[in-house]
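For reference, the structure is listed below as structure tokens.
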Amino acid sequence: MTLALFTGTLLLIIAIGAPIAYALIVTGAALMWQMGLFDGQIIAQNLLNAVDSFPMIAIPLFILAGEVMNAGGLSRRIIALAQALVGHRRGGLGYVVIFAGVLLSSLSGSALADAASLSALLLPMMVAAGHSKERAGGLIASASIIGPIIPPSIGFIVFGVATNLSISKLFLAGIAPGIIIALALAVAWYIVARSEDVTPQPRATWAECGRTFADSLWALMLPIIIIVGLRFGIVTPTEAAGVAAAYSLCVAMFIYRELSFDDLIELVFRAGKTAAGVMFLVAAAAIPAWMITIADIPGQVIALVEPLMEHPKLLVFALMVLIIIVGTAMDLTPTILLLGPILVPVVDAAGVDPIYFGVLFMINCAIGLITPPVGTVLNVVCAVGKMDYETLVKGTLPFFLAEIIILFLLVLFPELVTVPASWISH
């Protein structure tokens, strides 16, 4: 009964067009009323306690760091480095998108920020070089979703807080899958680009590569600082976010000198608005999350999938299909907040490593960012690149298929995910 009420109320509120955050609050309140526990003070307490958390401080800090990187020239220099290194190959600008997507992912942790940067800088260049606009936009959108997978990842922070899993382990476990997805995109682009008659860009000289590398060195140091700090326990994820924000500010204002104090005020305001939206979602999800525990909804789900509990890979496969379906209609953060607390106890009971499942979960949610009808990243690329939504969806298809194939290969070969997480134990 509680599982049916939870699902039915949530779907009904979303169907009438209410914002996700309000749908979560109403769903939690409905569960409280059904169980005879309704109390306004409990609702207020859950809203406050959800965001009164040290790990959650990392979210606004990483969002601020991403804004600074885009406005302060760090992202642009990363893209310039990728262009100097691989831009001369056949279809080279596509490989630049993928290479830059990986590097930007290790800086911002946000698919939307990466999509905006890559679309603004590389989409016009690819079209001018003769590439199909729909394929170029599709590749940019597909490469941008590596952002929530490679650390630092805002999505992993939310997932770790919602499920009480180690954020550091999630960060480190996401490195190898993120690189594998980038390689799959490169293969898909190689196949797609063969049909296009595009003249490669001139090869950059060694001197030009050296100058571009030297110019981008300060930007490249940031992911190294974060990953090394996490790997050896020097910083927590929250402290890493503080380091990222402070470091990017110093580089943008005092080394590259592309960010003034006047620009900083507007930038902080923009980052604050974005962070407020994310934090309100997290707060709203705390009410149904608390009721999920009280009503033992994970136990009810375990009872439903009991035939699959003895076959962990089949269980994970089925849950991935479920998340794909949910991801078509819901953005990344609400999907994490809704399904994470329910599904992690289920896979844990089946003997599946929760960190491994968390990485698969995040990859799946990231793919949902380029899946219609919602497709938040698709909307960003359409807005920046002035493209038609349906055309862009067609352009993403070969790359979407490549990412789906990698997702289910990781279901079959979990060692590709779990090995990096073992670094934590050394």
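Checking the condition β-branched (Val, Ile, Thr), surrounded by fewer than 19 Cβ atoms within 10 Å (Cβ to Cβ) and touching a helix residue (DSSP H, G or I) at 6+ places or on another chain (Cβ under 8 Å), which residue from Val268, Val282 passes?
Val268
Does Leu337 satisfy the criteria of being within 30 Å of Lys133 (Cβ to Cβ), under 19 Å from the mean Cα position of the chain (by Cα) and either in contact (Cβ under 8 Å) with a residue 12 or more places away in the chain or open to solvent by 10 Å² or more (accessible area, probe 1.4 Å) (or both)?
No.
Taking the stated definitions as given, is Gln41 part of a helix (DSSP H, G or I), of a type outside the set (A, V, I, L, M) and either surrounded by fewer than 21 Cβ atoms within 10 Å (Cβ to Cβ) or at pLDDT 85 or above (or both)?
Yes; evaluated as a whole, the condition is true for this residue.
Could you say whether any residue in the stretch 340-356 is touching a Ser or Thr at 6+ places or on another chain (Cβ under 6 Å), more than 16 Å from Ala162 (Cβ to Cβ) and in a helix (DSSP H, G or I)?
yes
Working carefully through the options Ala329, Ala383, find the one that is surrounded by fewer than 19 Cβ atoms within 10 Å (Cβ to Cβ) and farther than 30 Å from His131 by Cβ.
From the options Ala329, Ala383, the qualifying one is Ala329.
For (1) under 22 Å from Ala21 (Cβ atoms); (2) touching a Phe, Trp or Tyr at 6+ places or on another chain (Cβ under 7 Å); (3) not in a helix (DSSP H, G or I), each residue gets a yes or a no:
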{"position": "Met56", "(1), (2), (3)": "yes, no, no"}
{"position": "Ile59", "(1), (2), (3)": "yes, no, no"}
{"position": "Leu64", "(1), (2), (3)": "yes, no, no"}
{"position": "Met69", "(1), (2), (3)": "no, no, no"}
{"position": "Ile78", "(1), (2), (3)": "no, no, no"}
{"position": "Ala82", "(1), (2), (3)": "no, yes, no"}
{"position": "Leu93", "(1), (2), (3)": "no, no, no"}
{"position": "Ser117", "(1), (2), (3)": "no, no, no"}
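Looking at the stretch 340-355 only, could you name the residues that are in contact (Cβ under 8 Å) with a residue 40 or more places away in the chain, farther than 15 Å from Leu304 by Cα and not β-branched (Val, Ile, Thr)?
Gly340, Pro341, Asp353, Pro354
So is Met387 outside any helix (DSSP H, G or I) and closer than 25 Å to Val278 by Cα or not?
No.
Mind checking which residues of the stretch 291-324 are outside any helix (DSSP H, G or I) and either free of Cβ contacts under 8 Å to residues at least 60 places away in the same chain or surrounded by fewer than 19 Cβ atoms within 10 Å (Cβ to Cβ) (or both)?
Of everything in the stretch 291-324, those that are outside any helix (DSSP H, G or I) and either free of Cβ contacts under 8 Å to residues at least 60 places away in the same chain or surrounded by fewer than 19 Cβ atoms within 10 Å (Cβ to Cβ) (or both) turn out to be Asp296, Val305, Met309, Glu310, His311.
Residues are listed down the side, and each one gets a yes or a no for (1) within 21 Å of the chain's Cα centre (by Cα); (2) not hydrophobic (A, V, I, L, M, F, W, C):
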{"position": "Ile179", "(1), (2)": "yes, no"}
{"position": "Leu183", "(1), (2)": "yes, no"}
{"position": "Val187", "(1), (2)": "no, no"}
{"position": "Glu196", "(1), (2)": "no, yes"}
{"position": "Thr212", "(1), (2)": "no, yes"}
{"position": "Ala219", "(1), (2)": "yes, no"}
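Report the residue count in the stretch 201-221 for those that are open to solvent by 60 Å² or more (accessible area, probe 1.4 Å), outside any helix (DSSP H, G or I) and not charged (D, E, K, R).
Here the count works out to 2.
Check Ala276 against each of (1) open to solvent by 50 Å² or more (accessible area, probe 1.4 Å); (2) assigned to a helix (DSSP H, G or I); (3) touching a helix residue (DSSP H, G or I) at 6+ places or on another chain (Cβ under 7 Å) and name the one condition it does not meet.
Going through the list (1) open to solvent by 50 Å² or more (accessible area, probe 1.4 Å); (2) assigned to a helix (DSSP H, G or I); (3) touching a helix residue (DSSP H, G or I) at 6+ places or on another chain (Cβ under 7 Å), Ala276 breaks only (3).
Scan the stretch 5-34 for residues that are over 28 Å from the mean Cα position of the chain (by Cα) and either open to solvent by less than 70 Å² (accessible area, probe 1.4 Å) or closer than 16 Å to Ala283 by Cα (or both) and report the count.
Looking only at that region, the number is 6.
The values are calculated or read from the model by the stated rules, or taken from the named source; none is laboratory data. Keep in mind it's a predicted model, so treat the numbers as computed, not measured. Reconstructed Cβ throughout: ideal geometry from the backbone, glycine too, with neighbour counts over all protein chains shown. Side chains are part of the model used for accessible areas, which takes the heavy atoms of the whole protein and leaves out ligands, DNA and RNA. Shrake-Rupley method; radii C 1.70, N 1.55, O 1.52, S 1.80 Å.
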